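One structure is given below, encoded as structure tokens.
The values are calculated or read from the model by the stated rules, or taken from the named source; none is laboratory data. Not measured: the values here are computed from a predicted model. All Cβ positions, glycine included, derive from the backbone under ideal geometry; neighbour counts span all protein chains shown.
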Amino acid sequence: MSTSLLLLLVAIIGVIGYVAGSRRASVLANGKSSNLHSRPGYYGAYVGIWATLPAILVMVVWNIAAPTYINSTVRGEFPAEVQAESAATQNLAYGMIGAIARGLNLATPEEVAAIDAGGDVRAILAGKGVPLADQPQPYMIAAAKHLNEMNATSAMLLSVAVLLVAVGGALLAYRSIAARFRARNRVESVILVSLIVASSIAIFTTVGIVFSMASEAIHFFTMVPAHEFFFGTVWDPRFAAAGSGGTSGQFGLIPLLLGTLYIGAVAMLFAVPIGLFAAIYMAEYAGSKFRSLAKPLLEVLAGIPTIVYGFFALVTVGPFFRDLSAQMAGLATGNYQSFIQAQSVLTAGFVMGIMLIPYVSSLSDDIITAVPRSLRDGSLGLGATRSETIKKVILPAALPGIVGAILMTASRAIGETMIVVLAAGVAARMQLNPFEPMTTVTVKIVNQLTGDLEFTSPQTLVAFALGITLFVITLCLNIYALFIVRKYREQYE
Amino acid sequence: MSQVISAPAATARAATPRRDIGIKRRYAAERRFRAYGLAAITFGLLFLFLLVSSVVSKGYTAFEQTMITIPVEFTESAIDKDNERATNPQKLMTANYPVVARNALAKVLGVDPNDRASMRAVGGMLSDSVRTQLRNIVVNNPSVIGTTQPVSLLAHGDIDSAYKGQIDLSVPETNRKVSDKQVGWMNQLAESGALAGHFNTGIFLNGASSRPEAAGVGVAFIGSLYMMLIVLVLSLPIGVAASIYLEEFAPKNRFTDLIEVNINNLAAVPSIVYGLLGLAVFINFAGLPRSAALVGGLVLTLMTLPTIIIATRAALKAVPPSIRAAALGLGASKMQTVFHHVLPLAMPGILTGTIIGLAHALGETAPLLLIGMVAFVADFPGSPLAPSTALPVQIYMWANEAERAFVERTSGAIIILLIFLVLMNLGAILLRRRFERRW
């Protein structure tokens, strides 16, 4: 029985249980619902939960345990000479047995008979759409048959067990229904547990991020020493040579980190003044009409996908800077030679800066608005102009919040991917000319992981080392931002 | 002595009735400061305008496609010379349809079929996709063989660009992709009405193609749709459940503190890190197929969850405590209070947050690149496990193509994406306007 059919059956049993449970409770109530502890629906839900939850648990556990058991059984039956071989060869053999087993399931009885009679297994299975890498050895066919048998038995046992558990659970729960039975409390505790499980998904995600990246990164550091990665000044990973686990390339983080920070700094150079002034104007000067129009429009900038910014940088801003610089050079020296390249730190930083304006402005806007009226009134009453009030009173009061906002924006700038992939270039160089292309950590993660992957080569695994570096940097920036905001927050009340 | 002292005092009173406190300078500074603020907002809005207008001006032409409508003679000799289609159906699949189309066009233009160079130029005016177009006609209805049918053929991408005026015809002929001869034919066909711009349905329906004139976002759109459904189905219930626990039930202890700090940090983790997580956990560890919409949907779900949780918690917080007190006072349990009263009242806010989170997920590209969704997918994915691609990824792939016609397609695809985002955000705003309650 297939998994979906089984799930459907369990669901049907659950629904029947729900209806039967509610009915029974209604009957017990004898027309007077105050005879019951809970409303009839809760009794139904109690039966329904007992019918479905244990059955699904059995299914999950079985689907994890059975393949492992079957796998080890089949491997245990390998001939001694195969068992003496390396793990990789055994994996290969097991993969082939799996393929044969799949093919045998598709084959007609005559074809199976032909295979038993020593026919060309490879040709027959190829006709079924199951290509084999090699002509299988005889023990493999026997093992494949055994595999199929065990799979069939396992599927049958699973169906029986799941249905038994579902029906049994429903019956048990049904029998326990009584007038004073506290069905609501039981059902609610199940709901509460599921709420807790849902909220721990956040924890699982973080744990998943850290563990998955750390394990792959550690794998990488066994091939390339950590100090060569963190302090290396040359990024030249070469291509992954098939089969060779050797380290032919150089994996220096410094040029990538430098590029990331440089482009991020250029972006912040545009975003912070513009965003801050925009926030000040919105909060202190703008009338409510202007504000209600301009603020959402400015925030549209944050809603535009970054790939659109990347494309804008690639086809509009980059060529514009290039042509502009050619004109400027032409006017100055007579030689129309552009000194800004189309893909450059400036282009990427500038476009990223535009994207970050709304992050700075809306975060700072909230913080500036939160400064109490009395501080403004005091300053204005002493004869300060509005700009003096802003510069001398409001900004100092809002400073921790603004610094926090800027740090959070900086972490966005560092983790930004699509703009730099399209506009910053791929050359990992250490230089300080903003008109030349540079590359970033995120660009290299994308570069190393697109195309064919082999999870054994340092060329691929380095992406995880880069990723965990990125994760740690942004995490530190965010935690530090929160820390600053909490520590220096003015207590106005 | 007294004279010496009193003299300056008297003059001071006479010359400056008011002390100079630099009021002019200060007011000038005030005006400047104000102007900076206004300039900053103007600058931001200017760039919003530039961005949108640049994309629209480059992309609106993508919704028009140049077609050449000519009578095509499905000659038996060209398609099925030896009349073996009854015995060998493969024959109709492999026939040389481009030649059929080329001959038809040459006949209309009056080009000598023996002039090889000219014939090649004629063939170059038609898209390579005429092969599949004519093949589908013949295979669906073999009786057309031997007859002449009017067919609308796709013009080649370069002719399409030239017809739309995007190719500078003043450059020397050798430096551009369309020859003078082809331009002449193009004008001749346009005058006779055979060549004209039609509304481009292909960009909505087709899949990836190496030929810009036949490329579309239809396949990518289906991939995005699968992913959005997965994100919605998973992240809404999980996000709401998590928020309810944290907001309504969680005791203040270290564990819940940890969850809170975690969620805030997850909201700020770069999206590409989620891509690495998906690659390592879903593909490498769990063995799910690469390029599948299922994996993309799971990754985007994890990415969207913090957004939805933060929005939902804000919505739950906004429900006044008096509602809870009233429900509890009438004997409802804590769980009943939340599910019967608080949650329905918070629903508009939750849905608004969900839509905004979905809009973010729809535009996200970077994590999808890492889980192999940058595949050349020309066929519609039949299930979330089939190889598929997504709208923003399709934009990324087209942005890397060099041809002029692809710039137009890319911008067109961006316009489609932006329209979806605008619709989703408008929906969120309307929802908020319509159902938001002020307490």
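Here are the numbers for this structure:
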item	result
Selection status of residue B:423, more than 16 Å from residue B:365 (Cα to Cα) and modelled with pLDDT of 90 or more	yes
Subset of region A:419-438 that is in contact with a Phe, Trp or Tyr (Cβ under 7 Å, 6 or more places away or on another chain) and closer than 17 Å to residue A:315 by Cα - its residue that is surrounded by the fewest Cβ atoms within 10 Å (Cβ to Cβ)	A:435
Test: residue in region A:377-388 that is closer than 30 Å to residue A:341 by Cα, hydroxyl-bearing (Ser, Thr, Tyr) and surrounded by fewer than 22 Cβ atoms within 10 Å (Cβ to Cβ)	no
Residue list for region A:393-418, restricted to those being more than 10 Å from chain B (Cβ to nearest Cβ) and of a type in the set (Val, Ile, Thr)	A:393, A:394, A:402, A:403, A:406, A:409
Options B:267, B:250, B:242: the member that is aliphatic (A, V, I, L, M), in contact (Cβ under 8 Å) with a residue 12 or more places away in the chain and surrounded by fewer than 19 Cβ atoms within 10 Å (Cβ to Cβ)	B:267
Contacts under 7 angstrom Cβ, first residue in region B:403-430 being within 13 Å of residue B:204 (Cβ to Cβ), partner aromatic (Phe, Trp, Tyr), 6 or more apart	B:409/B:398; B:412/B:63; B:413/B:398
Cβ-Cβ under 8 Å pairs, at least 6 apart or on other chains, region A:329-344 side within 13 Å of residue A:438 (Cα to Cα), far side surrounded by 18 or more Cβ atoms within 10 Å (Cβ to Cβ) and at pLDDT below 85	A:341/A:425; A:343/A:425; A:344/A:425
So residue B:103, is it of a type outside the set (Asp, Glu), within 41 Å of the chain's Cα centre (by Cα), within 27 Å of residue B:201 (Cα to Cα) and loosely packed, with under 13 Cβ neighbours inside 10 Å	no
Hits in region A:256-312 - residues which are more than 8 Å from chain B (Cβ to nearest Cβ), surrounded by fewer than 24 Cβ atoms within 10 Å (Cβ to Cβ), farther than 24 Å from residue A:392 by Cα and among the β-branched types (Val, Ile, Thr)	A:266
Every residue from region B:81-131 that is within 24 Å of residue B:67 (Cα to Cα) and assigned to a loop (DSSP other than H, G, I, E, B)	B:95, B:96, B:110, B:111, B:112, B:113, B:124, B:125, B:127, B:128, B:129
Residue within region B:201-209 that is under 30 Å from residue B:295 (Cβ atoms) and touching a Lys or Arg at 6+ places or on another chain (Cβ under 9 Å) present	yes
Condition check for residue B:276: within 14 Å of chain A (Cβ to nearest Cβ) and more than 30 Å from residue B:336 (Cβ to Cβ)	yes
In region A:369-392, the residues that are within 14 Å of chain B (Cβ to nearest Cβ) and over 20 Å from residue B:42 (Cα atoms)	A:379, A:380, A:382, A:383, A:384, A:385, A:386, A:388, A:389, A:390, A:391, A:392
Filtered residues of region B:249-270 (kept if part of a helix (DSSP H, G or I), at pLDDT 85 or above and at the interface with chain A (Cβ under 7 Å from one of its Cβ atoms))	B:249, B:262, B:263, B:265, B:266, B:268
Enumeration of residues in region B:299-314 that are surrounded by 24 or more Cβ atoms within 10 Å (Cβ to Cβ) and of a type in the set (A, V, I, L, M)	B:299, B:300, B:302, B:303, B:305, B:308, B:309
Hey, residue A:394 buried (at least 19 other Cβ atoms within 10 Å of the Cβ) and modelled with pLDDT under 90 or not	no
Conditions (1) at pLDDT 85 or above; (2) farther than 30 Å from residue B:346 by Cα; number of the one not met by residue B:206	(1)
Which numbered condition residue B:339 misses (of (1) closer than 30 Å to residue B:166 by Cα; (2) facing chain A (nearest Cβ under 10 Å); (3) without any contact (Cβ under 8 Å) to a residue 12 or more places away in the chain)	(1)
Filter result (assigned to a loop (DSSP other than H, G, I, E, B) and either under 14 Å from the mean Cα position of the chain (by Cα) or surrounded by fewer than 21 Cβ atoms within 10 Å (Cβ to Cβ) (or both)) within region B:209-229	B:209, B:210, B:211, B:216, B:217
Residue match in region B:142-151 (condition: crowded, with 17+ Cβ neighbours inside 10 Å and farther than 20 Å from residue B:79 by Cα)	no
Boolean, residue A:338 is out of contact with any strand residue (DSSP E or B) (no Cβ under 9 Å at 6 or more places or on another chain), within 12 Å of chain B (Cβ to nearest Cβ) and surrounded by 14 or more Cβ atoms within 10 Å (Cβ to Cβ)	no
Every pair of residues 6+ apart whose Cβ atoms lie under 6 Å, when the first sits in region B:39-67 and is touching a residue at least 24 places away in the same chain (Cβ under 8 Å) while the second is of a type in the set (Lys, Arg)	B:61/B:164; B:62/B:409
Every residue from region B:387-437 that is more than 10 Å from chain A (Cβ to nearest Cβ) and in contact with a Lys or Arg (Cβ under 9 Å, 6 or more places away or on another chain)	B:387, B:401, B:403, B:404, B:405, B:408, B:412
Residue tally, condition within 33 Å of the chain's Cα centre (by Cα) and more than 7 Å from every other protein chain (Cβ to nearest Cβ), over region B:236-248	5
Count of region B:270-294 residues which are free of Cβ contacts under 8 Å to residues at least 60 places away in the same chain and small (Gly, Ala, Ser)	3
Residue in region A:450-466 that is more than 8 Å from chain B (Cβ to nearest Cβ), under 27 Å from residue B:291 (Cβ atoms), assigned to a loop (DSSP other than H, G, I, E, B) and at pLDDT 90 or above present	no
Residues that are touching an Asp or Glu at 6+ places or on another chain (Cβ under 9 Å), in contact (Cβ under 8 Å) with a residue 24 or more places away in the chain and not hydrophobic (A, V, I, L, M, F, W, C), drawn from region B:81-123	B:98, B:103, B:107, B:118
Matching residues, region B:315-346, being within 30 Å of residue B:420 (Cα to Cα) and either small (Gly, Ala, Ser) or buried (at least 16 other Cβ atoms within 10 Å of the Cβ) (or both)	B:315, B:316, B:318, B:343, B:345, B:346
Subset of region A:181-214 [more than 7 Å from chain B (Cβ to nearest Cβ), closer than 18 Å to residue B:286 by Cβ and β-branched (Val, Ile, Thr)]	A:207, A:210
